[in-house]
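Participant: First, the structure itself, so that you have it in front of you.
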Amino acid sequence: MLSTESRKFQEESVGYAMPPGNIRLRTQIAKRMIKAGCTLVPDDIIITTGAADAVFMALCKPGDTLAIGAPLYFNFLQLIQNLGLKILEIPMPPLTGIHLTHQLSRVAHVMTSPNLSMTREKNKMKIASIQMSVIEGDKTATIEKAAATIQTCADADLIMLPEMWNLGFLSFEQYATEAEKKDGPTLTMLRTMAEKTNSWLHSGSFVEKEGTQLFNSSYLISPKGEIAGSYRKIHLFGFNSKENQIITPGDAVSVVDTPLGKIGMATCFDLRFPELFRKMVDKGAQIFLICSAWPYPRLEAWQLFNRVRAMENQCFLISSNAVGMNQGVQFVGHSMVVDPWGTVMAGGGDEETVVRTDIDIKKVAAAREIFPGLTGRVDWLN
């Protein structure tokens, strides 16, 4: 049961960045944060210097990020995890009120909205990353299977598919015969489904024919079924692969400005080339979309690159990897959504699934403000 003073503090919504214990001290700190210039907008980063108490724990919802001063005690850590909260651990020595105010003012937004839960939902973006296998030798059936799975993701703001999902990446002998133009069955179905689900849809990739050349192409499709952007895989795979013999490499970095944020696209082997991702960041990318057909046994490399590309560029990264067998090779799956700190928010195993979570695009700017790593870049190395 909250005390009258605690309830008053909650109702005034002066801030939820507080140490445990003295309510008056919490109020003073929150007011000092406001004076220090904290932006008074709703956010779901909550900061404290110690154990949880009824005031802020009651206000947390599953999926919120709890930024807390280290060290974390096991029982407190377990409580946070049981409540479905995420943790951003910030090393904090013992601080007096005014020094605490200064540190918190750099990393926290004070939450003041009377309709906090409603406002917070508007800032969230629902993600659905489809992890699927190919029906070998039956492209039509695979396209129908993808359409049915997309339909199950109709509540998502952004849906994406794996690399070469309609044919199988390793089906090299079929590349030429199954290549499509823009008006082919694959992209036509995807444009229809984007409009039907009212979602942004990343096409995954497919073999696209233009003149005499074949490309490993991806498209970003708007909820109106319109093509908003495209990308042709730049780095072609040649290890136990014929891709680099058949496919023409792309020659352009792709970042698409959308209402969801600025979205950069890359494909599979591209993950091993950090310079591509730096170029996307230079173009303003906030989210990386990676379609892939990454095979066993290189699972650890896949997991590492997903996290590192997100962390070093302080972007969200959403990947969709193939699963199942293709030409006797098994794909690793483990599609994931990674936040700008390199933390995996959601992920799959090596079977068919849809990886779902919500992201808040404002977290990109917040991460870059809290830890301005990208500002340390040296011009002559770029």
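The values are calculated or read from the model by the stated rules, or taken from the named source; none is laboratory data. Here the structure is a predicted model, which means the values were calculated and not measured. Methodologically, a virtual Cβ is constructed for each residue, glycine included, from the backbone with ideal geometry; neighbour enumeration extends over all protein chains shown.
Participant: For region 245-264, which residues satisfy the criterion of being in contact with a His (Cβ under 9 Å, 6 or more places away or on another chain) and surrounded by fewer than 18 Cβ atoms within 10 Å (Cβ to Cβ)?
Facilitator: Once the filter is applied, which keeps residues that are in contact with a His (Cβ under 9 Å, 6 or more places away or on another chain) and surrounded by fewer than 18 Cβ atoms within 10 Å (Cβ to Cβ), region 245-264 yields only PRO249.
Participant: Of the residues in region 256-280, how many are in contact with a strand residue (DSSP E or B) (Cβ under 8 Å, 6 or more places away or on another chain) and either touching a residue at least 40 places away in the same chain (Cβ under 8 Å) or closer than 21 Å to PRO162 by Cβ (or both)?
Facilitator: 15
Participant: Every residue in region 128-165 that is in contact with a helix residue (DSSP H, G or I) (Cβ under 8 Å, 6 or more places away or on another chain) and not aliphatic (A, V, I, L, M), please. Give the steps one after another, and end with the answer.
Facilitator: First pass over region 128-165, keeping only residues in contact with a helix residue (DSSP H, G or I) (Cβ under 8 Å, 6 or more places away or on another chain): 130, 132, 134-135, 139-140, 143, 146-147, 150-151, 153-154, 156, 159, 161, 163, 165.
Within region 128-165, LYS139, THR140, GLN151, CYS153, GLU163, TRP165 meet the criteria.
Results for (1) within 18 Å of ALA147 (Cα to Cα); (2) not hydrophobic (A, V, I, L, M, F, W, C), shown as yes or no for each residue.
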| position | (1), (2) |
| --- | --- |
| GLN174 | no, yes |
| ALA179 | no, no |
| GLY184 | yes, yes |
| PHE206 | yes, no |
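Participant: Can you find even one residue in region 310-326 that is over 25 Å from GLY168 (Cβ atoms), at pLDDT 95 or above and over 13 Å from the mean Cα position of the chain (by Cα)? Spell out how you get there, then give the answer.
Facilitator: Filtering region 310-326 down to residues over 25 Å from GLY168 (Cβ atoms) leaves 310-316.
In the following step, the residues that additionally are at pLDDT 95 or above were identified as 310-316.
Right, trim to over 13 Å from the mean Cα position of the chain (by Cα) and you get 312.
Yes; the residues of region 310-326 include at least one that is over 25 Å from GLY168 (Cβ atoms), at pLDDT 95 or above and over 13 Å from the mean Cα position of the chain (by Cα).
Participant: Just wondering, is there one or more residues in region 311-323 that are small (Gly, Ala, Ser) and surrounded by fewer than 19 Cβ atoms within 10 Å (Cβ to Cβ)?
Facilitator: As a first pass, look at region 311-323 and keep what is small (Gly, Ala, Ser): 319-320, 322.
Still in the running and surrounded by fewer than 19 Cβ atoms within 10 Å (Cβ to Cβ): none.
Scanning region 311-323, I find no residue that is small (Gly, Ala, Ser) and surrounded by fewer than 19 Cβ atoms within 10 Å (Cβ to Cβ), so the answer is no.
Participant: I would also like to ask the following. State yes or no: is VAL344 at pLDDT 95 or above, surrounded by 15 or more Cβ atoms within 10 Å (Cβ to Cβ) and in contact with a Gly (Cβ under 6 Å, 6 or more places away or on another chain)? Explain how you work it out, then say what you get.
Facilitator: On the way: at pLDDT 95 or above: yes; surrounded by 15 or more Cβ atoms within 10 Å (Cβ to Cβ): yes; in contact with a Gly (Cβ under 6 Å, 6 or more places away or on another chain): no.
No, not satisfied.
Participant: Give the residue, chosen from ALA301, ALA293, that is in contact (Cβ under 8 Å) with a residue 40 or more places away in the chain and over 19 Å from SER254 (Cα atoms).
Facilitator: Working: ALA301 fails: in contact (Cβ under 8 Å) with a residue 40 or more places away in the chain.
Checking each option against the conditions leaves just ALA293.
Participant: Kindly establish whether LYS224 is surrounded by fewer than 15 Cβ atoms within 10 Å (Cβ to Cβ), on the phi < 0 side of the Ramachandran plot, among the basic types (Lys, Arg) and under 23 Å from the mean Cα position of the chain (by Cα).
Facilitator: Working: surrounded by fewer than 15 Cβ atoms within 10 Å (Cβ to Cβ): yes; on the phi < 0 side of the Ramachandran plot: yes; among the basic types (Lys, Arg): yes; under 23 Å from the mean Cα position of the chain (by Cα): yes.
When the stated conditions are applied, LYS224 passes them.
Participant: If you don't mind, another one. Give me the pairs: first residue in region 130-152 and surrounded by fewer than 16 Cβ atoms within 10 Å (Cβ to Cβ), second residue part of a loop (DSSP other than H, G, I, E, B), beta-carbon distance under 7 Å, and six or more apart or on different chains, which are they?
Facilitator: Close Cβ pairs (under 7 Å, with a partner that is part of a loop (DSSP other than H, G, I, E, B)) amount to ALA141/ILE135.
Participant: Hey, another quick one. Could you list, in sequence order, all residues of region 227-267 that are among the charged types (D, E, K, R) and under 16 Å from LEU289 (Cα atoms)? Step through it out loud before you land on a result.
Facilitator: Going residue by residue through region 227-267, those that are among the charged types (D, E, K, R) are 232-233, 242-243, 251, 257, 262.
Of everything in region 227-267, those that are among the charged types (D, E, K, R) and under 16 Å from LEU289 (Cα atoms) turn out to be ARG232, LYS233, ASP257, LYS262.
Participant: If you don't mind, there's one more thing I want to ask. Looking at (1) among the small types (Gly, Ala, Ser); (2) surrounded by 19 or more Cβ atoms within 10 Å (Cβ to Cβ); (3) at negative phi, find the lone condition where GLY333 falls short.
Facilitator: (3)
Participant: How about region 251-361: which strands (runs of 3 or more DSSP E) wholly inside it have at least 1 residues that are farther than 19 Å from ILE150 by Cα and touching a Pro at 6+ places or on another chain (Cβ under 7 Å)? Lay out the reasoning, then the answer.
Facilitator: On the way: elements: 255-258, 261-267, 287-292, 316-321, 336-338, 344-347, 353-360.
Correct list: 316-321.
Participant: Can THR267 be described as β-branched (Val, Ile, Thr) and surrounded by fewer than 23 Cβ atoms within 10 Å (Cβ to Cβ)?
Facilitator: Judged against the criteria, THR267 is not a match.
Participant: Name the residues in region 257-266 that are more than 18 Å from PHE206 (Cβ to Cβ) and of a type in the set (A, V, I, L, M, F, W, C), would you?
Facilitator: In the first step, residues of region 257-266 are kept if they are more than 18 Å from PHE206 (Cβ to Cβ); the result is 257-264.
Once the filter is applied, which keeps residues that are more than 18 Å from PHE206 (Cβ to Cβ) and of a type in the set (A, V, I, L, M, F, W, C), region 257-266 yields LEU260, ILE263.
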